[in-house]
Amino acid sequence: MSRQTLRQTFGEDAELYDRVRPAYPRELFDELARIVGDRPKVLEIGPGTGQATAAMVQRGWSVTAVELSPELGGVLQRNLPEVEVIVADFDTWDLPAADFDLVISATAFHWLDPATRIQRCVDTLRPGGALAVVSTHHVAGGSEQFFVDVQSCYDRFTDDAAKDGLPAADDVPVDPAGLGETDLFGSVEFRSYAWDAVYSTAEYLELLSSYSGHRALTTDRRDGLYGCISALMDAAGGSITKRYMNQLSVGISLNQPLA
């Protein structure tokens, strides 16, 4: 299934997405505030239903959000009426004037066109503004044996290649967005935040149902996969602990616009 098709799946059940997708650590936004100040003008790309947006609004930041899915955008507008929500594909959206202090994309940047995404973000920044990319990684920790054992379920019911468990947090590439590989920034900073979440069997299956790869499975394959996962979780006591790592990459645009 193509990237373009997969990125459309998130809006198929916007209420589920809103209910189960995790938010982000407070410390991440503390770091952004240190970099961009207390009252930045923000452009957020791919906000979903507001998992990162809410934290910025709570700080009094002015947020304009560009969301591909009308369904997700509608829930975001309902949740945070003070946010300007624009339903559009950022890859082809007519860019506004370059006067944003911060452009941020949280767990959505990888869906954008890799040939143009960094430049288009920089083109909306005022000189000295910041591009922040937040990526979410599933890393070793928590119920580690469950995540080793569950690969057998994916081997049976999906085309995912076999894995040797989840990667250690230290093994995840520091700059997945490639900000440091360009000449568009005067400086680039990196931070990471690891944390745990506990899920019951029902909660974990709902979370999985918000992921594009799981939604793209046929009904028979998905039912088989979820049955296999449920049996493993029930055998482990009916709940698991999952470790997330959020990476923050921040590029500070050059003080003068590029020629």
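Remarks
- In Å², nearest 10: area of Glu44 left accessible to a 1.4 Å probe: 0
- In the complete set of protein chains, residue-level accessible area for Asp18 is approximately 50 Å², probe 1.4 angstrom.
- Converting phi to 3J(HN,Hα) with the Karplus coefficients 6.51, -1.76 and 1.60 and the offset θ = phi - 60°, the range 62-68 yields 8, 10, 9, 10, 10, 10, 5 Hz in sequence order, with x at every glycine or proline.
- Screening the chain for whole DSSP H helices of 20 Å or more along their axis (Cα) with average Kyte-Doolittle hydropathy at least -0.5 returns 219-235.
- Here the range 199-234 and the range 43-111 have alpha carbon centers that stand 28 Å from each other.
The values are calculated or read from the model by the stated rules, or taken from the named source; none is laboratory data. Since we're looking at a predicted model, the values are computed, not measured. Remember, those area values only see protein heavy atoms, side chains included, never the ligands or the DNA or RNA. Shrake-Rupley method; radii C 1.70, N 1.55, O 1.52, S 1.80 Å.
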